[in-house]
1. Could you look through the range A:182-214, keep only residues that are under 17 Å from residue A:302 (Cα atoms) and within 14 Å of chain B (Cβ to nearest Cβ), and pick out the one that is surrounded by the fewest Cβ atoms within 10 Å (Cβ to Cβ)?
2. Just to be sure, is residue C:39 assigned to a helix (DSSP H, G or I) and either within 14 Å of another protein chain (Cβ to nearest Cβ) or more than 9 Å from ligand 1 (Cβ to nearest atom) (or both)?
3. Looking only at helices (runs of 4 or more DSSP H) that lie completely in the range C:63-170, which have at least 2 residues being farther than 14 Å from residue A:198 by Cβ and either touching a helix residue (DSSP H, G or I) at 6+ places or on another chain (Cβ under 7 Å) or within 16 Å of ligand 1 (Cβ to nearest atom) (or both)?
4. Please give the number of the condition residue A:126 fails out of (1) touching a residue at least 60 places away in the same chain (Cβ under 8 Å); (2) surrounded by fewer than 21 Cβ atoms within 10 Å (Cβ to Cβ); (3) more than 9 Å from every other protein chain (Cβ to nearest Cβ).
5. Can you pull out every residue in the range C:96-114 that is surrounded by fewer than 19 Cβ atoms within 10 Å (Cβ to Cβ) and at the interface with chain B (Cβ under 9 Å from one of its Cβ atoms)?
6. Just one of the numbered conditions (1) crowded, with 18+ Cβ neighbours inside 10 Å; (2) more than 12 Å from chain A (Cβ to nearest Cβ); (3) over 26 Å from residue A:128 (Cα atoms) is not true of residue B:234; which one?
7. For a quick check of your reading of the model, give me the residue pairs whose first member lies in the range C:83-95 and is more than 9 Å from chain A (Cβ to nearest Cβ), whose second is part of a strand (DSSP E or B), with beta-carbon atoms closer than 6 Å and at least 6 apart or on different chains.
8. So the check is Cβ under 6 Å with 6+ separation or different chains; which pairs have a first residue in the range C:32-59 that's under 18 Å from residue C:73 (Cβ atoms) and a second one that's part of a loop (DSSP other than H, G, I, E, B) and within 16 Å of ligand 2 (Cβ to nearest atom)?
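Values quoted throughout were computed directly from the atomic coordinates according to the rules given, and no laboratory measurement underlies them. Just so you know, these numbers come straight off a predicted model, no measurement behind them. In this analysis, Cβ positions are derived from the backbone assuming ideal geometry, glycine residues included, and neighbour counts consider all displayed protein chains.
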Ligand SMILES: Nc1ncnc2c1ncn2[C@@H]1O[C@H](COP(=O)(O)OP(=O)(O)OP(=O)(O)O)[C@@H](O)[C@H]1O
Ligand SMILES: [Mg+2]
């Protein structure tokens, strides 16, 4: 009798109820994960569909080759190059600061700093990445630009240099933290091999550790650059809203993101060409950052294979 | 002792001494670079404090904004950031509800249910990519989907949903790490007494991982509270004099208000913007402090 | 210590096996006549733990000296104290003297970098740099400023001596990491001897390898001892018996139990404890 009960309990019993709960729960969780996939699809759909409407009115050739950007104010013209130029200037300018400074910081933290010092400095630098970008914009306007104006009085209130500097500062911790991680994971075996050959510490750091961590370092560069491309509020405040192709970093320019903000706070009517241009510029921006992110992921996955 | 004799190590000193010198210069450069970041951080904080000095008053915290500079002055009628504070708090509270549900759900699926499969690595790669999408693109998404297509308008809930999608990737990744840190022996102990998978997750895994989940979620929310671009695209208001009173009411938020002030030409508005930043950073600091407290309290390694 | 002076100059321009260095014995040192390395009451501490208990030993030139003993007895520690690799471990501290050609390497005026250029090292785990085979071998030449002249020739010669050249002749530009474990270890040996050091220290160089690769390394070690002084740590007693001229037996706690000709140690050890260890009663 009791034996029979036990059999029933194993095969059926309450477990059927539990099974049903379990599988419902599983589908709920799965749907949550699915949201992330849907988000990607929705982003692509929204951008492509909006751009489609835009490019019904505007020729793609003009968009990618024109050097004048004025989709709202007449005479209208739709050359996106000035915006891409602004974005490039900020990205390259900030890279000029963040890549060397971040790499040198990473070398110092990984190879030279006392572990206790590293434990304090690394999170302190990471605070830089946690400060809202609007604050950097304010910092550029109220501190960096006046500083530049002291040296170059002709500097405008809005100028690319200040934007590049604050974006550079903002992405230093991305470079330093990720590169430091890569350098710390270089096995000590390699350092010892070089010391055993009579290398000095300087040589060990520069021609063993850095080359061995290179793929991680490069991945950090790309992530930082992609962050700089997408950076919005700091450059809107610091660099201004003048889409123009100029080599002078002391002048105002406009990035793709700043243009989107400009339309976002303006009162263009929905469906107008100005509104649709948001999506074309957004798609251009998205494509650029996506390419860089994929590239960085690819490099990182290669890097894992190398050391495991 | 043996300065007058040569060492048996060949002709060491010149070449090595030179390299040592280069090495010392190199360390000095690396150290100076490390200081760049630190100095920039100090300058930024000092600048904000200096500019805001005397402007963060009780009235600033409790009054709605004003177009007239004089109203912000101490001893004046009173103007400030109040609706934006309330807006930000509501916005983050709502975002928290959505992200905890979606983020924990997705992480539990990936860590506890999904087999190591193409699907799982696809979802994870997709999440990693989403984390790198510029926040203003999320704003565009929110504008097209929540504001327009679903017709929520420029409402609190549209803003919260947009921010949710923005921080979801970070929350999922940090939650996955927290779940991974739960030892397998705990799960097996629960299976051993006859618990179903769902019971194991509910009664053993989630409670164990809760501090880690909380820490990661609060840190992500503190990123969301400082975001301007997405809510700007969704249509957060800069000239709202009352706090939002429902899910569908229009809203303003601190970073948006700061942006509005910072871009004004009148010099006084610099101080007012700085005052707004002080309030924003203080709230950020509090959120981070809570996250660190939780981590230190429950994490034996810290 | 005055007795140690004036010996170093003899080794200065050592080129090949033909140059005999004339080394005097440190006053009062027993045993070996042509000692290159001599330790006197050498103690190494890791924090508060003492890993070596006053080791006295003379390592003869151009012979193979094996260090054997149970795990944790301080073999690697002793080896690393010869070229001051212990300097790189924060908690490590050395007391006593270690002479290289009569010069105490722990004197203040000794540069460990210069020392390591004379005393090369091969590690337990093959550790080629993630560079090409060629660049791995050339690396030591580069850091030591010996990369003028015929680098290619020196690299080939080192690979030849490490018995690797035949196998990698056509792939000198491919990554050192693409080689098999045994090939990687021979690459590391080539890297260590390319700069023509006097002494090669080897810490269990074959422990991560299969029997075939191991026997290649063993042949190589015997070959190397024609040109170099080799000090090798091994866990494998047969290996020590096969390839070494002298054997030092360390026992747990960091004591040097016995040091003598290899044949003597294996056939007729002085102490019972060493005999027990050799015959596998413990360790
Ligand atoms: N870096 C270190 N820090 C602290 N203690 C150490 C360190 N390296 C070695 N020791 C200690 O010193 C003692 C001797 O270690 P050593 O590595 O020299 O032994 P060994 O004879 O080479 O052993 P094995 O045969 O296992 O390689 C051991 O007790 C070890 O724990
Ligand atoms: Mg050892």
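1. For the range A:182-214, the residue satisfying everything is A:210.
2. Numbers: assigned to a helix (DSSP H, G or I): no; either within 14 Å of another protein chain (Cβ to nearest Cβ) or more than 9 Å from ligand 1 (Cβ to nearest atom) (or both): yes.
In short, no.
3. So the answer is C:75-82, C:133-143, C:151-161, C:165-168.
4. The single condition residue A:126 does not satisfy is (1).
5. C:107, C:108, C:109
6. So residue B:234 meets the others, but not (2).
7. Qualifying pairs under 6 Å: C:86/C:92; C:91/C:46; C:92/C:46; C:93/C:45; C:94/C:44; C:95/C:43.
8. Filtered contacts from the range C:32-59: C:51/C:74; C:51/C:254; C:52/C:74; C:52/C:254; C:53/C:254.
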